[in-house]
Structure formats: C-alpha cells, structure tokens
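The values are calculated or read from the model by the stated rules, or taken from the named source; none is laboratory data. What you see is a predicted model; the values in this text were computed from it and never measured. When we count neighbours, we look across all protein chains shown, and the Cβ atoms used for this are built from the backbone with ideal geometry, even at glycine.
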Amino acid sequence: MIKTVKSAALGMLLLASILPASAQNSTHRTQVGALECSLAPRVGLIVGSHRRMTCRFRPSNPGPVEVYSGSITRVGLDVGISAGGKMIWGVIARTGRYTPRALAGKYVGASGDIALGLGVGANVLVGGFHNSVALQPLSVEGSAGVNLALGVAGLRLH
C-alpha cells in the first residue's frame, strides 16, 4: 500500500512538472492573477468523478474580483471518498493581458490526487476563452478522505 501511495505521488509530481511546459507553446504567456476554488465533497466511481466548485479570480493588476461557479469532472482511476477542499491555480494568459470574464469556458488537462486522512492533488488545465488561458497549480489541493485518483480532468467555469 505504501509503495502504491509513493508511486502515485511521484506520478502526480512528474505530471505537474511536465504539463505546464507543454501547455506553453511559443506564444508569450504571463501570470495575470490567481483562481482560488472551494471544492465540494466527492465520491470516486472507479472510472471517474464529478465535483462542484465555487471560485474567485483575483487579478495581479488592480481590478475587480470575479466570481465563478463550475464543476470538475475526472475520467480515469478514481476510487474513494473525499471531503471538500481548496485549490489555487496561477492564471496564465497568452499576451499577459486579461479580458474580464475570460476564465469562463471549458478546460482540459491532467489531474491527480491522493488522500489517506489528509490529502493533496494537482490539476494542470488549458482552456477558457479561445483556449487562451492555462491554469497551473500554485498550491496543491487540500482535502480530507480516503482517495486515489489519476486521469484526465475537464473543468467548466461560468
């Protein structure tokens, strides 16, 4: 069991370090703010899960805080139960300029988390308005429960 936990944690770290580089093609990208989301509890259904969230985008430059609601769906290995948690992403835009409400839309990317009591996770996602936004973990997901999940995540914000 401990070997499985270590392997899953190592896989998540590798995934989080490789995907951000691939999401940033030759177009210049700059962090324009942070997206902090509160996650609802989740029950893993072996091949996937669905989780609701409420989020606040705080721009790096002066500007109003934007509120979003949404959901994250995972397809892949997802077994267990997880209480609510928090996730914070760095919001990366192609030009460094952010258009209000540009985070609304669909995202896709890699996802993983593990919990045995307290847990951690990461989701690296690309999407938003014309696929112009990348969400990269600034901090890992904080949650509680018994859960192991690795797969492809889809996020929808509105």
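Remarks
- Residue in the stretch 18-32 that is assigned to a strand (DSSP E or B), at negative phi and at pLDDT 90 or above present: yes
- Summed over the stretch 51-75, residues that are closer than 23 Å to V108 by Cβ, surrounded by fewer than 14 Cβ atoms within 10 Å (Cβ to Cβ) and hydrophobic (A, V, I, L, M, F, W, C) total 2.
- Cβ pairs under 7 Å, 6+ apart, first in the stretch 61-72 and within 17 Å of A93 (Cα to Cα), second assigned to a loop (DSSP other than H, G, I, E, B) and among the charged types (D, E, K, R): E66/R101
- Just so you know, in the stretch 35-47 the residues that are surrounded by 16 or more Cβ atoms within 10 Å (Cβ to Cβ) and touching a Ser or Thr at 6+ places or on another chain (Cβ under 8 Å) include one that is modelled with the lowest pLDDT, and it is G44.
- One residue stands out among those in the stretch 81-92 that are surrounded by fewer than 20 Cβ atoms within 10 Å (Cβ to Cβ) and assigned to a strand (DSSP E or B): the one that is modelled with the lowest pLDDT, which is I81.
- Pairs, first in contact (Cβ under 8 Å) with a residue 60 or more places away in the chain and closer than 12 Å to I88 by Cα in the stretch 37-60, second in a loop (DSSP other than H, G, I, E, B) and among the charged types (D, E, K, R), C-beta under 8 Å, six or more apart: none
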